[in-house]
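Enquirer: Quick one: the structure is below, questions incoming.
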Amino acid sequence: MLLGINRCKLASPKATIRFTTVEGQRYNGSRADLTFSCRPKLLMSHSLAIYPGSFDPITNGHLDLIKRGSLLFDTLIVAILTNLEKEPLFTVSERVDMLREAVGGMPNVSVDTFSGLLVEYAERKKAQAILRGIRAFSDYEYELQMALMNRKLAPELETVFLMPAETYTYLSSRLVKEIIRHGGSVEGLVPEPVEDRLRKKVFPHQF
Ligand SMILES: Nc1ncnc2c1ncn2[C@@H]1O[C@H](COP(=O)(O)OP(=O)(O)OP(=O)(O)O)[C@@H](O)[C@H]1O
Ligand SMILES: [Mg+2]
């Protein structure tokens, strides 16, 4: 069955789907059986993307990406990976609080946590896409490797890369922590409440 992209009228965004083409043909089956040309339409039916990361802590670069993602997708879940290899500065619940504060005014963005494989979490959430950011060439190799591995594990899940505003292309959580440890200012690089939390965390005796 070859369905053109404009000919699919979707009845349900679930893994097992039913829809009727504009010619009145009925389809009842698995999403994986659909011709590739029909899938972009499925993606647009109710698009849900997951933006995974460590967010230790959230920076204005992350926030820039979240804003762009929230305009592209109907729902965006910012998901904190809890089984990090690196030792985080902030606890998971502190990171959740900071993220929730930062995305508070965005009605289609929520914050969640997960451990284990991203593709399994994405499947549980019925997400169609993973959102990731590309800052510089240095991100590209790692991001590509991860995206292709995720595609191997879950062929229907697309990874979407977005670029931040130029001002944030050099910004990372690691650099922000380094600046604070050395007494520098991170004004404009992280949301204001995050700067306060960073100072309290790194220099607890000064407060
Ligand atoms: N300034 C930024 N602009 C665009 N994308 C970003 C930015 N910072 C992080 N990202 C993207 O957000 C995702 C999650 O990143 P992550 O939580 O590792 O942040 P990070 O700033 O890279 O932290 P760390 O320095 O601890 O690695 C990744 O896809 C990363 O490329
Ligand atoms: Mg990183």
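The numbers here are math on the coordinates, done by the rules we state, and not lab data. Only a predicted model underlies this, so the values are computations on that prediction, with no experimental measurement involved. Cβ atoms come from the backbone with ideal geometry, glycine included; neighbour counts cover every protein chain shown.
Enquirer: In terms of the ratio Rg/(2.2 N^0.38 Å) built on C-alpha atoms, what value belongs to region 86-143?
Expert: 1.34
Enquirer: Based on other C-beta atoms within 10 Å, arrange VAL186, VAL176 from fewest to most. Before the final figure, lay out the partial values.
Expert: Numbers: VAL186 20, VAL176 24.
The fewest-first ordering by Cβ neighbours comes to VAL186, VAL176.
Enquirer: Can you figure out the FRET efficiency of ASN108 with GLU143, using R₀ = 35 Å and their beta-carbon distance, to the nearest 0.05? Mind dumping the intermediate values first?
Expert: Numbers: r = 24 Å, r/R0 = 0.69.
My answer for the efficiency is 0.90.
Enquirer: Give the value in nm², to one decimal: projected area of the alpha carbon convex hull of region 48-170, averaged over all directions.
Expert: 7.2 nm²
Enquirer: Go ahead and collect, in residue order, the members of region 105-142 whose backbone nitrogen is under 12 Å from a label point 7 Å along the Cα-Cβ direction of LEU72.
Expert: Under 12 Å, as judged by backbone N against the label point of LEU72, lie 129-134 of region 105-142.
Enquirer: So, one more: May I ask for the distance between the Cα centers of region 46-106 and region 118-142, given as a whole number of Å?
Expert: 12 Å
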